[in-house]
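Step one of this worksheet: look at the structure below.
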Amino acid sequence: MASKTPAAKKPRGLSLHLGLNSVSPAHYGGWSGDLTACEFDAKDMAALATGRGMKATVLLTKAGTRAKLLSALRAASKALVKGDLFFLTFSGHGGQVPDVSGEEADKLDETWCLYDGQLIDDELYMELGKFATGVRILVLSDSCHSGTVVRAGPPATGITAPELRSKMMPPSVGMRTYEAHKAFYDKLQMDVAKAESGVQIDPDEALAGLAVSTRLTKIAKRFKARAILISGCQDNQSSYDGQHNGAFTGRLLTVWNRGNFDGNYATFHKHIAAGMPPIQTPNLFTMGPVATFLKQKPFSV
């Protein structure tokens, strides 16, 4: 009697959703960065993920710490194998710290403002780089990524409506926070540089999925997993908070239409961007061999 061929392993999906309506004033020099809709964003994205067959974890405001995020990322990277999906979302403030590991002295690294401290883009890239070959990674970031914004001045929105709350950490707060914790942030960057086989890396736009640099292109070639990153805005813009969802998350959910969206990741991004106001244009960035991934229906495990 012929032996049966083992059934192919069903892909597994894990997701992690962070929504921070405020941060700890103790770390950010007295600034709490109050927002309204970020926790709603995280809960709604978790519900979407669960509905698509993923096991979701949610970290809201005070639970959105550096330690908890890094622990969850590392656990997922150890658990997932080729063909699996990891879905990560962040809704909150974006910030910046001076780059001490890159080639330009005045460069700024982009960050996510977690409750008790910032996560630098270098760190996120390093953690995503730990995922196994063939794992699919989807990152959606509803925040500001303000490295270039600070150098060029505030984004010119032409809109002063009080209901528009920018998700950009004020530059003055960013610098005050950095100066108060300079040794901590500088060490984080240097540790990442050392960990990358002695090669000093600065994935300046990896977190936001923005302009592609020659150096980032070289880094992406070493990326084992397959990553799609969609950011809430361009580098010279702000992402905005809302009453029930951030502008980016709200538009994304409208396009998704409870799963009735008929298209792939590339067209999904185009439909989201097409419905956003000119002051906020989501961008798409990829790392690794993503040709097949981009053609899949969004959120497919």
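The values are calculated or read from the model by the stated rules, or taken from the named source; none is laboratory data. Owing to the predicted nature of the structure, the values given are computational and were not obtained by experimental measurement. All Cβ positions, even for glycine, are placed from backbone atoms using ideal geometry, and neighbour counts span all protein chains on display.
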Residue in the range 52-62 that is farther than 30 Å from Glu179 by Cβ, within 16 Å of the chain's Cα centre (by Cα) and among the polar types (S, T, N, Q) present: yes
Residue, surrounded by the fewest Cβ atoms within 10 Å (Cβ to Cβ), within the range 225-248, restricted to residues that are modelled with pLDDT of 85 or more and in a loop (DSSP other than H, G, I, E, B): Gln243
Residues (within 20 Å of Ser91 (Cα to Cα) and either in a helix (DSSP H, G or I) or in contact with a Cys (Cβ under 6 Å, 6 or more places away or on another chain) (or both)) located in the range 272-296: Ile272, Ala273, Gln280
Conditions (1) over 22 Å from Leu252 (Cβ atoms); (2) at pLDDT below 90; number of the one not met by Asp84: (2)
Criterion violated by Lys9 - all others in (1) of a type in the set (Lys, Arg); (2) over 27 Å from Arg258 (Cβ atoms); (3) at pLDDT 95 or above satisfied: (3)
The range 12-60, residues that are modelled with pLDDT under 95 and under 30 Å from Gln296 (Cβ atoms): Ala37
Residues of the range 253-301 classified as under 24 Å from Val135 (Cα atoms), in contact (Cβ under 8 Å) with a residue 12 or more places away in the chain and small (Gly, Ala, Ser), total: 5
Any hit, the range 7-15, residues being assigned to a loop (DSSP other than H, G, I, E, B), in contact with a helix residue (DSSP H, G or I) (Cβ under 6 Å, 6 or more places away or on another chain) and crowded, with 18+ Cβ neighbours inside 10 Å: no
Selection count, the range 29-49, where residues are small (Gly, Ala, Ser) and in a loop (DSSP other than H, G, I, E, B): 5
Verdict on Met45 being touching a His at 6+ places or on another chain (Cβ under 6 Å) and surrounded by 13 or more Cβ atoms within 10 Å (Cβ to Cβ): yes
